Amino acid sequence: MNLSQLYYFRKLAQLQHYTKAAKELYITQPSLSDSISSLEQELGISLFQKEGRNVKLTKYGREFHEYVNDALNQLDKGIAVAKSKSGILGGVIDIGCIPTILGDYMPKVMQNYKEKNPKMVFNMYQGHTLRLLEELKTGKYDIVFCSKTEDTELEFIPMLAQRLILVVRNDHPLAGKEAVELAELKNYSLTTYRESIPIGKIVRAVLREKGVEASFSYDDEISIGGVVTATNQAAIAADTPYLSQFAWIKKITISDIPPDTRLVYMVYSKKNYMTKATEDFVEFLIQNERRLPIS
């Protein structure tokens with residue numbers, strides 16, 4: 001038994017398909033098959049059984065996998081720690097992110113981190129909250145930045161606030177105001193995010209508490225800014241860089257919506273393995289890059 005066999009075993013257990021596992025391991029499928037067969041002979045047990053075109057772990061394979069996975073995870077972390085001592089720590093972190101913080105917040109925090117860790121590589125992907133969280137749990141991302149949902153498998157850490165504001169066209173009756181209260185909006189046509197997305201649920205709860213009606217129709221600030229410009233409706237939206245592209249709109253403070261009503265969270269899975277590089281980045285963000293209103 002050697003270390004390569006254990007890494008091959010872990011990859012095959014993850015993908016449950018010889019061809020896919022061999023491709024990711026950069027070896028041939030016969031080489032992978034021979035390695036797994038040799039491991040099974042040495043252990044005296046069958047680790048996998050066929051399931052259609054795929055394979056799955058046997059009862060004994062599942063038990064063995066727990067020990068192998070724990071051991072390799074600790075080994076990987078030990079290697080990372082050793083490299084950090086020698087000053088050659090690098091790594092790759094895959095990050096999923098809602099689009100609204102890709103233009104300002106994320107570039108700054110990544111640059112701040114790379115000033116101290118120049119060998120770090122970040123792969124950035126964008127999407128909406130619900131899809132990002134599902135893909136986080138499958139292991140596609142190391143961490144994501146998005147809204148909060150109720151999911152005990154995930155750890156949510158608040159990182160920054162995006163204030164909810166009123167958006168109107170420059171010729172709207174409310175355009176002359178710098179601030180309004182929600183009660184003032186009852187006599188105006190009002191729109192905002194779809195109720196099925198997390199930020200839409202937040203806005204809906206705020207409006208219902210104040211007895212304000214709105215249509216819940218849009219996914220993002222680009223759509224909201226566009227409909228405000230085209231129809232002269234008023235809208236409630238998060239104050240993000242997306243709104244700055246609309247020259248004919250006015251942003252108005254809503255004085256009775258607290259500035260921390262809309263939060264963006266850093267999220268990681270409590271079940272998935274986290275590399276040393278990711279652990280260090282998460283700790284750096286918590287200590288240095290939180291942008292929250294002062295209580």
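The values are calculated or read from the model by the stated rules, or taken from the named source; none is laboratory data. These numbers were taken from a predicted model, which means no experiment stands behind them. Every residue, glycine among them, receives a Cβ derived from its backbone with ideal geometry; neighbour counts consider all protein chains shown. All accessible areas refer to the heavy atoms of the entire protein, side chains included, with ligands and DNA or RNA removed. Shrake-Rupley method; radii C 1.70, N 1.55, O 1.52, S 1.80 Å.
Here is how the numbers come out for the structure above:
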{"read-out": "Boolean, Lys148 is within 30 Å of Lys271 (Cβ to Cβ) and modelled with pLDDT under 95", "value": "yes"}
{"read-out": "Scan of segment 153-189 for residues that are polar (S, T, N, Q), in contact (Cβ under 8 Å) with a residue 12 or more places away in the chain and open to solvent by 60 Å² or more (accessible area, probe 1.4 Å), ordered by number", "value": "Asn170, Ser189"}
{"read-out": "Unique residue being open to solvent by 20 Å² or more (accessible area, probe 1.4 Å) and farther than 19 Å from Asn272 by Cα when the list is Met106, Met110, Met120", "value": "Met110"}
{"read-out": "Pair list, Cβ under 6 Å, 6 or more apart: segment 244-257 residue within 15 Å of Ala183 (Cβ to Cβ), other residue outside any strand (DSSP E or B) and of a type in the set (Lys, Arg)", "value": "Ile252/Lys177"}
{"read-out": "Answer residue from segment 1-57, given it is of a type in the set (Ser, Thr, Tyr) and in contact (Cβ under 8 Å) with a residue 24 or more places away in the chain and is least open to solvent (accessible area, probe 1.4 Å) among those", "value": "Ser35"}
{"read-out": "Count of residues meeting criterion [open to solvent by 70 Å² or more (accessible area, probe 1.4 Å), touching a helix residue (DSSP H, G or I) at 6+ places or on another chain (Cβ under 8 Å) and at pLDDT below 95] in segment 239-270", "value": "2"}
{"read-out": "Given (1) crowded, with 18+ Cβ neighbours inside 10 Å; (2) within 20 Å of the chain's Cα centre (by Cα), number of the condition Thr192 does not satisfy", "value": "(2)"}
